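Only one structure is covered here, and it is reproduced in the block below.
The values are calculated or read from the model by the stated rules, or taken from the named source; none is laboratory data. The structure presented is a predicted model; accordingly, all values stated were derived computationally and were not measured. With ideal geometry, Cβ positions are generated from the backbone for all residues, glycine too; neighbour counts draw on all protein chains shown.
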Amino acid sequence: MIYISAIIRIIVCFLLQNDWCGDEGNLKLSMIRNTVFTVTGIGIIILYAMSGNTGNLHMTRMVTAII
């Protein structure tokens with residue numbers, strides 16, 4: 001999920017419709033970029049939550065810090 005969302009974000013960032021050099025950006029693509037970025041962040045939180053107590057590492061506090 002992390003890799004797929006990262007690839008989608010990279011592809012969306014490279015689209016010419018973003019109008020990076022213009023005064024006004026494309027609001028629709030901006031929302032898509034940020035939504036995919038949010039999905040990536042939620043995926044990382046889920047991965048930390050699932051692997052937090054494996055091997056008695058007691059990393060559950062790290063999940064709270066990320067949130």
List the pairs whose first member sits in the stretch 5-26 and is farther than 20 Å from T40 by Cα, whose second member is of a type in the set (D, E, K, R), and whose Cβ atoms are under 9 Å apart, counting only residues at least 6 apart or on separate chains?
Q17/K28; N18/R33; G25/D19; N26/D19
Hey, which of the helices (runs of 4 or more DSSP H) in the chain, taking only ones fully inside, have at least 1 residues that are surrounded by 13 or more Cβ atoms within 10 Å (Cβ to Cβ) and modelled with pLDDT of 80 or more?
2-14, 27-51
